[in-house]
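Here's the structure, in structure tokens; my notes come after.
The values are calculated or read from the model by the stated rules, or taken from the named source; none is laboratory data. Bear in mind that the values here come from a model prediction, so they are computed numbers and not experimental data. In this analysis, Cβ positions are derived from the backbone assuming ideal geometry, glycine residues included, and neighbour counts consider all displayed protein chains. In case anyone asks, the SASA skips ligands and DNA or RNA and just uses the protein heavy atoms, side chains included. Shrake-Rupley method; radii C 1.70, N 1.55, O 1.52, S 1.80 Å.
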Amino acid sequence: MTLQRDARQPLRIVVMGVSGCGKTTLARALAARLGLDMVDGDDLHLPESIRKMSSGIALDDADRWPWLDRIGEYLAASPDDAPRGRVVACSALKRAYRDHIRELARCVVFLFLHGEPATIRQRMAGRIGHYMRPGLLESQLQTLQIPVPQETDVVHLSIDQPVPELVARTLQALALEAPTLSTTSCTTSCTTS
């Protein structure tokens, strides 16, 4: 799948999904590969919201809307501040949240990281020093509205793939470059689907 986007515009990418799916890891990899500014949406939460999550209390919409404003404003910053663009790791669980970000920062691309809840729970259990408690995953899974086909600016990526493969698939979807193919698997010209 290749997304339609205006190549003259800086990239505005939101790596989205529930906690523990690998948003920050992929966002950092894309920022490094594409020379983009990057912020982890967790860093844009208010201290009160971090305290709630640290205590095992799920955020509600009243907590999320101001945070989503900061996400959208970060992405929409002047191209002079980030000429190549920006990437942010942000859960963007509901369509209304994604629509809000779309309104604030035009030409946004969402990368939806999805996978089995058991895999995500295992990842969360292995994290050290993160304020998001593994017990909040259930709340996020209940809140999650999986992007629908009408959301044509969303690329679905499975967390079962290694990060370099996720980066390659993203670059392909953004028509930035073709995915890298292993020479051991292909000795003549290849196409991928």
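With respect to the stated conditions, Arg98 is open to solvent by less than 30 Å² (accessible area, probe 1.4 Å), in a helix (DSSP H, G or I), closer than 20 Å to Gln145 by Cβ and of a type in the set (D, E, K, R). Kindly indicate whether any position in the stretch 69-78 is open to solvent by less than 20 Å² (accessible area, probe 1.4 Å), in contact with a His (Cβ under 8 Å, 6 or more places away or on another chain) and over 19 Å from Leu113 (Cβ atoms). Yes, the conditions are met somewhere in the stretch 69-78.
Going through the stretch 8-53 one residue at a time, which ones are in contact with a strand residue (DSSP E or B) (Cβ under 7 Å, 6 or more places away or on another chain), of a type outside the set (S, T, N, Q), at pLDDT 90 or above and assigned to a helix (DSSP H, G or I)? Answer for the stretch 8-53, where residues must be in contact with a strand residue (DSSP E or B) (Cβ under 7 Å, 6 or more places away or on another chain), of a type outside the set (S, T, N, Q), at pLDDT 90 or above and assigned to a helix (DSSP H, G or I): Lys23, Leu26, Ala27, Arg28, Leu30, Ala31, Leu34. Applying the criterion of being hydrophobic (A, V, I, L, M, F, W, C) and farther than 19 Å from Leu144 by Cβ to the residues of the stretch 63-79, the residue that is modelled with the lowest pLDDT is Ala77. Scanning the stretch 101-127 for residues that are over 12 Å from the mean Cα position of the chain (by Cα), surrounded by 19 or more Cβ atoms within 10 Å (Cβ to Cβ) and part of a loop (DSSP other than H, G, I, E, B) returns a single hit, Ala105.
Report whether or not Ala82 is open to solvent by less than 80 Å² (accessible area, probe 1.4 Å), within 19 Å of Ala32 (Cα to Cα) and at pLDDT below 95. Yes: the conditions hold for Ala82.
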